[in-house]
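Let me begin by presenting the structure, written as structure tokens, before commenting on it.
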Amino acid sequence: MKKAFLFLITLTLSSVAAFGQPSAAPSATPSSSPKDEAPAKPAGGAKPALVLPPEKAQPVKMPKFDKPPVIDGKLDDEVWKQAKVLKDFYQVQPGDNIAPSKPTEVLLGYDSKFLYVAFHCYDEPDKVRANIPKRDNIFDDDYVGILFDTFNDHRKAYEFDFNPLGVQADGIWTDGQNEDFNPDIVMESKGMLTSDGWTVEAAIPFKSLRYVAGKDKLWGAHFWRRIKRFNNELDMWMPLNRDISSWLAQEGHLSGLEGISAERTLELIPSLTLSETGKRRATLSSAQLAAGMLDPGRMVNDPIKFDPGLTGKYTITPNVTLDFAINPDFAQVESDQLVVTANQRFPIFFAEKRPFFLEGIDIFQTQIAAVHTRAIIDPDFAVKLTGKVDRNTFGLLLASDNGPGNFSAEERLTANPRLIGKNASVGILRLKRDIGKKDSFIGLLATYDRFVDRYNELGGFDTRLRVNKQTTFTAQVLATHTRRQFFFPDEGGTFDRKKNGFIYALDYNKDGRHFGYDLSAVGRTLYYRADVGFNRRTNTNNLNGFFRYNSEPKPKARLISWRVYDDISTNFDWQGRSQVFNNESQMQFSFRRQTYLGVGYDQGYERVFEREFGPTRKAAAANCALTNTCTFWGADDERSAYRKGLYMFAGSTPMKKVDFNMFINRGAGSLDFDFGAGPRFPRVSIPAVAARNARATGLCNGPVPPPVCNAPQDPGPGAFLHFDGSVNYRPSTPLNISLSFTKERLRRYDTGLLAFDENIVSLRSTYQFTRFIFARGRIDFDSLASNVKGQFLFGWTPNPGTAMYIGYNDDLSRNGFNPFSGQLEPGFRRNGRTFFIKMSYLFRKSFG
């Protein structure tokens, strides 16, 4: 492990040194783009480019304040008279660079330590949507937003959003990807409703950003305002040409950011979590349980857990940061959302929520999910170096994870002694170099994971190329070398062996004003593994073609816009055998009041093979079909079904306090993989039902049970139903209540029996006493497990890093099955409970 870490560190430092050679700095004059040119004859229905007025076409010179404004949302400080004022916004959604419904002004200034931004949003104050939501959850309100492209490279930008009361949402905008609101930046903001609308003030510390500044240096910038009641209207200071797919390629520019204090900043966040957990434990022996005795169990409280930790950050330069953690507090305050688990062949993805890993996570994210830091379970320590030097972005993460060797008392009884108490060593290296003038790059990714004798090494390259203003091409290839327990279907067993793997991903995307398409391909070999990433199906290749057409929006009409698309995809394995084919067509209509309605139809084919579920017939006895000992029932070693489905979805915000959405899908020919869905829904295939009946009549009690008792798997088609919907209600400014319901059901054709019927209900409520103090309750019910979980939390979060949480979690079963005997238990039974207090405090010190 030490050799691997030293290799990664050496490669990082040598690459930074090589990449860090001087390159052409961004020009102080914005490069020529369609928005700077006179209108030309449009091609293919494109609208002519706008001629920008001089105050938008040229960089905005930032004024330096002689004293800081008071951040109270009032805009009454004398210093704001020195600010640069931006006005004359364009409505870009749903209108196409037309006059906005309401005027907006932006005020800008800075001093040596802070960047100051203020918005004056003119409106009727009683119609403004303004609540007190939690941070990063402001998008049901009216809000204003900013993008700061602090390297002026048209690739990535900081995003800042503020609702009318100054509640913040912040994150990273990466062109060609989704916004990432996981990073939280230390800053100050306040907002208030006024007689002529609302105002917001913000002070953003330069030490919270990575940037380049000084003479002849430019920042790219966008400023916008969202007005929800006007069909979700979006107004922007710079116009957006819908014939150009990149926002950052159409940004305005800021200049004059000179004399900024070049400070190095050290942040330390000590944390402490106190928790007590009670679990339901068995009171009877295994022999008593085998005799059929019911064990109600009893609640046993574990000793109070005292878990201190420390995370820190050191800003080496304005664009290079070192993060470190010692026994970090990685406990999640809120658990993952419940999802349907019945009939799932492959792992379900859950997003990362832990702050240490979220900081700079965009650097490690690539087209292929080869890095998913939730694979690092519980590190004793971790360190991360990230930054950008000239055109070169780099990231290095090292961790020692005690999760794989941390067995419970029960697990230690059967675990391999060589694994108990051992740590896994993890390393991730990411290098990326910008090429060209736009958002193109080439990159390298390498990961390493080792736990005792098991290891996984991954490495490869990726690229994104801007073909033209509407079209991009992305590609990634990775190779892996792995030692682990692999299953070999032709040998009928699992063996410890070394294997190599390979994965590729290609994507060609055209995003035009009306017409667009995306052509993609992804393929994984049988033994591809990414132990630090997220793995799904292997031995497969997917080809996909997506084609869409958008109408020209009509902001004043009842039907504002419509959209139609067709999506064709197919999967086949590396032996050339078809696995999946699907063709989906959809049409969506957008109306007033943020109302939408869509319908879709899909049809296709699915095929599965015996070797994907267990040993092949060559590994079993020659007459396994007669003795019912094959992996699949009967003489056929594969199953297939033609499927089709019709679905509908809709959503609306009929009034200021209420919004809802729903989706329903009815399908025919969906495969039941014959896994069963717990004791409430045992397997319902023909061999499973026959075996269950045979056991009930005593046929399977003899020394040599007949073949009917073996019940091999028999995947088969059935009728499928899926429904999900949610309603959000905001009865007052501080209170938000949401109710969601999900139902998924599959009934087999051959037996007419339910394979599963899972219902999930979630009720959530949050009361924000202030912007920083809240109480939250959440109750989840899952019918499959007859399980009810309650989570209740009180929190104080004045800034990122400083927080206190007091929480209680409860886990109950209602009319569920006993975890020790499997027998049905009427009424409520408690399975576990946890009470916790979590505290952390941000210490921040700057050095000149």
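Note on Lys422 and Ile837: the extension gain reaches 146.5 nm, defined as 0.36 nm multiplied by sequence separation minus the Cα-Cα distance. Spin-label model, Lys215/Ala369: points 7 Å from Cα along the beta carbon direction are separated by 5.0 nm.
Run lengths n ≥ 4 of DSSP H only: what is the helix-derived mean residue ellipticity at 222 nm for the chain, with -39500 (n - 2.57) per run over all residues, to the nearest 500? Show your work: numbers first, answer last.
Values: 8 runs with 54 residues, N = 848.
So the helix-based figure for the chain works out to -1500 deg cm²/dmol.
May I ask for the distance between the Cα centers of region 490-567 and region 242-305, given as a whole number of Å? Between the Cα centres of region 490-567 and region 242-305 lies a distance of 29 Å. What you get for the chain, charging only the Cβ of Lys and Arg (+1) and of Asp and Glu (-1), is a dipole of about 620 debye around the Cα centre. A 1.4 Å probe run over the chain, with the rest of the protein chains in place, finds 45 Å² accessible per residue. If R0 is taken as 30 Å, the Cβ-Cβ distance between Asn97 and Ala262 corresponds to a FRET efficiency of 0.15.
Packing here is the average count of other Cβ atoms within 10 Å per residue, and on that basis the peptides 364-372, 702-710, highest first, run 364-372, 702-710.
Of interest is the spacing of the C-alpha centroids, which for region 709-736 and region 122-179 amounts to 31 Å. In percent, rounded to a whole number, the relative contact order of region 765-848 is 23, using alpha-carbon pairs under 8 Å and six or more apart. Inverting the pair-averaged 1/r between distinct Cα atoms of the chain gives 30.2 Å as its Kirkwood hydrodynamic radius. Within the accessible area of the chain, the carbon and sulfur atoms contribute 58%, probe 1.4 Å, all protein chains present. Remark: accessible surface ordering of Val467, Val684 (largest first) is Val467, Val684, probe radius 1.4 Å.
Less than 11 Å Cβ to Cβ from Gly832, Lys/Arg counted +1 and Asp/Glu -1: what total charge do the surrounding residues give? Working shown, then result.
Working: positive: Lys279, Arg280, Arg281, Lys789, Arg829, Arg830, Arg833; negative: Asp302, Asp810, Asp811.
Surrounding charge for Gly832 is +4.
Computed from the C-beta positions of Tyr605 and Ser195 and an R0 of 51 Å, the FRET efficiency is 0.20 to the nearest 0.05. A dipole drawn for the chain from +1 and -1 charges on Cβ atoms has a positive end, and of Pro800, Ser783, Leu248 the residue lying farthest that way is Ser783.
When the trypsin sites (Lys or Arg not before Pro) in region 709-756 are filtered for DSSP coil states and for at most 10 other beta-carbon atoms within 10 Å of their beta-carbon, no site remains. Taking 4.7 Å between C-beta atoms as the pairing limit, the chain has these partnerless cysteines: Cys121.
Give me the dipole magnitude in Debye, nearest 20, for region 734-836 about the Cα centre, with unit charges on the beta carbon: positive for Lys and Arg, negative for Asp and Glu. Numbers along the way, then the final one.
On the way: 13 positive and 9 negative charges, 54 e Å.
Dipole about the Cα centre, nearest 20: 260 debye.
Its relative contact order, with pairs defined as Cα atoms under 8 Å and 6+ residues apart, puts region 600-736 at 27 percent.
Counted residue by residue at 0.36 nm each, then reduced by the alpha carbon distance between them, the extension gain from Phe769 to Glu638 reaches 41.3 nm.
What number comes out for the charge environment of Tyr110, summing +1 per Lys or Arg and -1 per Asp or Glu over other residues with Cβ under 14 Å away? Let's see the in-between values first.
Working: positive: Lys61, Lys64, Lys67, Lys84, Lys113, Lys207, Lys217; negative: Asp66, Asp111, Glu201, Glu258.
Net local charge, Tyr110 excluded: +3.
Within a Cβ distance under 9 Å of Glu584, other residues only, what is the Lys/Arg minus Asp/Glu net charge? In short, -3.
Using a cut-off of 18 Å between Cα atoms, the listed pairs Lys87/Lys438; Lys156/Lys190; Lys313/Lys388 include Lys87/Lys438; Lys156/Lys190 as exceeding that distance. Relative contact order of the chain, taken over Cα pairs closer than 8 Å and 6 or more residues apart, is 9 percent. Basic side chains Lys and Arg get +1 at the Cβ, acidic Asp and Glu get -1 at the Cβ, and with that the dipole of region 201-248 about its Cα centre reaches some 180 debye. Judged by the mean number of other Cβ atoms found within 10 Å, the most tightly packed of the peptides 430-439, 81-90 leads the ranking 430-439, 81-90.
Counted residue by residue at 0.36 nm each, then reduced by the alpha carbon distance between them, the extension gain from Glu188 to Lys437 reaches 86.2 nm. Under the simplified labelling scheme, the Tyr122-Asp88 pair shows an inter-label distance of 1.5 nm, with each label point 7 Å from Cα along Cα→Cβ.
Using a simple spin-label model with pseudo-atoms 7 Å out from Cα toward Cβ, Val452 and Phe546 lie 4.3 nm apart. Between Phe663 and Leu739, the FRET efficiency estimated from the beta carbon spacing at R0 = 22 angstrom works out to 0.90.
The values are calculated or read from the model by the stated rules, or taken from the named source; none is laboratory data. Values in this document were obtained by computation on a predicted structure and should not be read as measured data. Every residue, glycine as well, gets a Cβ built from its backbone with ideal geometry; the counts of neighbours run over all protein chains shown. Protein only, heavy atoms only, side chains kept; ligands, DNA and RNA dropped before computing areas. Shrake-Rupley method; radii C 1.70, N 1.55, O 1.52, S 1.80 Å.
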